[in-house]
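Rule-based calculations on the coordinates, nothing more; no lab input. Keep in mind that what you see is a predicted model, and the values were worked out from it rather than measured.
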Amino acid sequence: MDETTVERIRKNPKFEDLVRKKSRLSQMLLMIILVIYYGFILLIAFAPGALGTPIASGRVMTVGIPLAVFVIISAFVLTGIYAFRANTEFDKITRELIEDIRK
């Protein structure tokens with residue numbers, strides 16, 4: 001790709017919109033996963049007994065097991081959200097941008 005094409009892409013409002021939307025989404029999802037993950041780690045560090053509390057009397061499962069599963073599943077869900085937006089909204093903007101540049 002030559003320099004003029006790169007400059008045309010960078011100056012295109014659709015490219016700026018794409019970068020802004022992707023950055024905003026990725027930062028939001030990053031903050032969510034960091035809060036979930038570090039919240040779990042801080043809970044382990046400062047209240048380990050809370051995670052060892054049985055869910056119901058006479059049960060073997062403790063509070064920590066579903067919380068750990070939640071941390072793992074939330075990572076998959078957030079990844080799915082990003083992939084969905086990338087494959088729908090972001091790909092559409094990218095196609096429009098490519099069409100604009102080819103003109």
Here the range 74-87 yields Karplus 3J(HN,Hα) values (6.51, -1.76, 1.60; θ = phi - 60°; whole Hz; Gly and Pro given as x) of 4, 5, 5, 5, 5, 5, x, 4, 5, 4, 4, 5, 5, 7
Along each of its three principal axes, how wide is the spread of alpha-carbon positions in the chain, in whole angstrom units, largest first? 70, 23, 19
Contact order relative to length of the chain, as percent, for alpha carbon pairs under 8 angstrom and 6 or more apart: 37 percent
Under 5 Å between amide H atoms, partner at least 5 residues away or on a different chain: which partners does VAL63 have, H built in plane at 1.01 Å? THR53, ILE55
So what J values fall out for the range 51-63 if you push phi through Karplus, 6.51 cos²θ - 1.76 cosθ + 1.60 with θ = phi - 60°, rounded to Hz, Gly and Pro as x? 6, x, 5, x, 5, 9, 5, x, 9, 7, 6, 9, 4
